[in-house]
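The values are calculated or read from the model by the stated rules, or taken from the named source; none is laboratory data. All values reported here derive from a predicted model rather than from experimental measurement. Please note: Cβ atoms are built from the backbone with ideal geometry, for glycine as well, and neighbour counts cover all protein chains shown. These area figures cover heavy atoms from the full protein model, side chains too; ligands, DNA and RNA do not enter into them. Shrake-Rupley method; radii C 1.70, N 1.55, O 1.52, S 1.80 Å.
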Amino acid sequence: MASDKLKRAFPLFDEANANDPNIEVWQGKEYPKELLYAMRMTEKLNAFDPEAPESLQLTARCQHICRWEIPRESYEMNRTGYLKWRKDLKKFHAKKASAILREVGYDQEMIDMVAFLLEKKQLKKKAETQTLEDVICLVFLEFYFEPFSHKYPEEKLIDILQKTWRKMSKKGHDAALKLPLSKDSLELIGKALEA
């Protein structure tokens, strides 16, 4: 059962993400992009790991908090720029989330744990970090891969799918293969796994 603090934190995360000027239409309704992403993360975590600890529930909900405030375009459009952007984003999300967690009365231990998870520390070693990564990859594959796939050549998509697959656990792989993906996406995944 969700704690009182979590019940207060979620609306504050959502309120922050509701300010996203980027709009995404889902099932005929408009949503601020990062608010919709946060809702999808929570939904996917609940399905993937119904017993997820509170720290993970909080992290899933605020994983992209206020992401639009640091646009990708503000960094060099190369690999180095991309990696710097990703690194800075993790710290930015951790800082934003920590302020809200402090506001609702979480102790420093919980705040540190959420920041640790947001920075994706100890992937493949720490169960909570791995579960978070699995959920991120599942949300990407289910909701974002298809539109993304129309922008890039097959070779690049296969490379992205292979990198995504490497980040996931066996449980994540099993869940990914059960997603309601299009025939084209499933074919690309098949090619990525064969290569």
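Can you tell me which residue within the range 89-109, out of those that are open to solvent by 30 Å² or more (accessible area, probe 1.4 Å) and of a type in the set (A, V, I, L, M, F, W, C), is farthest from the chain's Cα centre (by Cα)?
Ala99
Can you give me the number of residues within the range 110-143 that are at positive phi and surrounded by fewer than 17 Cβ atoms within 10 Å (Cβ to Cβ)?
So the count comes out to 2.
Step by step: first the residues of the range 94-134, then only those that are touching a residue at least 12 places away in the same chain (Cβ under 8 Å) and of a type in the set (Gly, Ala, Ser), then the one that is farthest from Leu45 (Cα to Cα). Which residue is that?
Gly105
Name every residue in the range 144-153 that is open to solvent by 40 Å² or more (accessible area, probe 1.4 Å) and either in contact with a helix residue (DSSP H, G or I) (Cβ under 7 Å, 6 or more places away or on another chain) or under 19 Å from Asp174 (Cβ atoms) (or both), in order of residue number.
Glu146
For the condition in contact with a Leu (Cβ under 7 Å, 6 or more places away or on another chain), open to solvent by less than 20 Å² (accessible area, probe 1.4 Å) and not in a loop (DSSP other than H, G, I, E, B), what is the one hit in Ala38, Ala52, Ala9?
Step by step, each of Ala38, Ala52, Ala9 is checked, and only Ala9 is in contact with a Leu (Cβ under 7 Å, 6 or more places away or on another chain), open to solvent by less than 20 Å² (accessible area, probe 1.4 Å) and not in a loop (DSSP other than H, G, I, E, B).
Have a look at Arg72, Arg86, Arg40 and point out the one that is assigned by the TED database to the domain that holds Ser3, under 11 Å from the mean Cα position of the chain (by Cα) and among the basic types (Lys, Arg).
Unique residue meeting the criteria: Arg40.
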